[in-house]
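*Asks:* I'd like to ask you about the structure that follows.
The values are calculated or read from the model by the stated rules, or taken from the named source; none is laboratory data. Bear in mind the structure is a predicted one, so any value in this text is a computation, not a measurement. Cβ sites come from the backbone with ideal geometry, for glycine too, and all protein chains shown count toward neighbours. In case anyone asks, the SASA skips ligands and DNA or RNA and just uses the protein heavy atoms, side chains included. Shrake-Rupley method; radii C 1.70, N 1.55, O 1.52, S 1.80 Å.
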Amino acid sequence: IIPRVLTDLFTRIEEEQRQNNSKFNVRVSFVEIYNEEIKDLFNSKVNSEPLNIREENNSIRVVNLSEIEVNDAITTLKLLEKGSSLRVVGGTAMNDQSSRSHAIFTITLEQNKQEENESIRSKFHLVDLAGSERQSKTKAEGLRLKEGININLGLLALGNVISVLGEDNPTNKVRHVPYRESKLTRLLQDSLGGNSH
């Protein structure tokens, strides 16, 4: 999906620049959520500190996260491949190269319409979720078991958030959406609620 998204995105940007004299800025970031810690996949330092989440101006951001400016789909895919090579993988009885984390590849797009003196900012989260695990099938023990538990907790939290957001609310009563139950749902809060599509 990601190569098709990137190809379409940069094709549309070229068309808009030609037709409407708009200027675009595209930046990407890539994080891994491993055992409920956030790791910058564009930072290749092996023992880099886990990153923290902050909420500013009703927007969620990761402090000190690398953002790289990109101009075409090929360069962006190379960055994605480089970051993917840093993800944590490990063997289980079900899969000898099992992904042990969730990953979020984020594209931030800023469009400046010069004639209208208007700026539009959009964010696309492309998410790779690790699959849910049953200890009886994976035969996981020790660290692999802990990883599996954290994978399942993140998926459960995501399911709970989606369930609350999908409930009928005919009275428009304010309801609690449990975004803070996991780092995964906290990072995706902007995309799951608010004015997102």
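*Asks:* Would you check which residues across the range 134-161 are touching a helix residue (DSSP H, G or I) at 6+ places or on another chain (Cβ under 9 Å), at pLDDT 65 or above and open to solvent by less than 30 Å² (accessible area, probe 1.4 Å) and list them?
*Replies:* Residues satisfying the conditions are GLY148, GLY154, ALA157, LEU158, VAL161.
*Asks:* Across the range 16-40, what is the number of residues that are among the aromatic types (Phe, Trp, Tyr) and in contact with a strand residue (DSSP E or B) (Cβ under 6 Å, 6 or more places away or on another chain)?
*Replies:* Number of matching residues: 2.
*Asks:* In this structure, is LEU41 among the aliphatic types (A, V, I, L, M), without any contact (Cβ under 8 Å) to a residue 60 or more places away in the chain, open to solvent by less than 90 Å² (accessible area, probe 1.4 Å) and closer than 28 Å to LEU145 by Cα?
*Replies:* Considered against the rule, which asks whether it is among the aliphatic types (A, V, I, L, M), without any contact (Cβ under 8 Å) to a residue 60 or more places away in the chain, open to solvent by less than 90 Å² (accessible area, probe 1.4 Å) and closer than 28 Å to LEU145 by Cα, LEU41 comes out as no.
*Asks:* Is it the case, given these coordinates, that VAL5 is modelled with pLDDT of 90 or more and within 14 Å of the chain's Cα centre (by Cα)?
*Replies:* no
*Asks:* Let me ask something else. For the range 56-101, enumerate the residues that are of a type in the set (D, E, K, R) and modelled with pLDDT under 90.
*Replies:* GLU56, ARG87, ASP96, ARG100
*Asks:* Pairs please, first residue from the range 156-172 and free of Cβ contacts under 8 Å to residues at least 60 places away in the same chain, second anywhere and open to solvent by 60 Å² or more (accessible area, probe 1.4 Å), Cβ atoms under 6 Å, 6+ apart in sequence or on different chains.
*Replies:* ALA157/GLU181
*Asks:* Can you work out which of the residues in the range 162-184 that are of a type in the set (S, T, N, Q) and in a loop (DSSP other than H, G, I, E, B) is least open to solvent (accessible area, probe 1.4 Å)?
*Replies:* SER182
*Asks:* Which of the residues belonging to the range 21-64 are under 16 Å from the mean Cα position of the chain (by Cα) and of a type in the set (Lys, Arg)?
*Replies:* Hits for the range 21-64 are ARG27, LYS39, ARG54, ARG61.
*Asks:* For the list (1) touching a residue at least 24 places away in the same chain (Cβ under 8 Å); (2) of a type in the set (S, T, N, Q); (3) open to solvent by 60 Å² or more (accessible area, probe 1.4 Å), I need the number of the one condition that SER66 fails.
*Replies:* Looking at each condition in turn, SER66 falls short on (3).
*Asks:* Between ILE13, ILE74, ILE2, which is loosely packed, with under 14 Cβ neighbours inside 10 Å and out of contact with any helix residue (DSSP H, G or I) (no Cβ under 6 Å at 6 or more places or on another chain)?
*Replies:* ILE74
*Asks:* Follow-up. Could you say whether any residue in the range 21-40 is basic (Lys, Arg), modelled with pLDDT of 95 or more and not in a helix (DSSP H, G or I)?
*Replies:* yes
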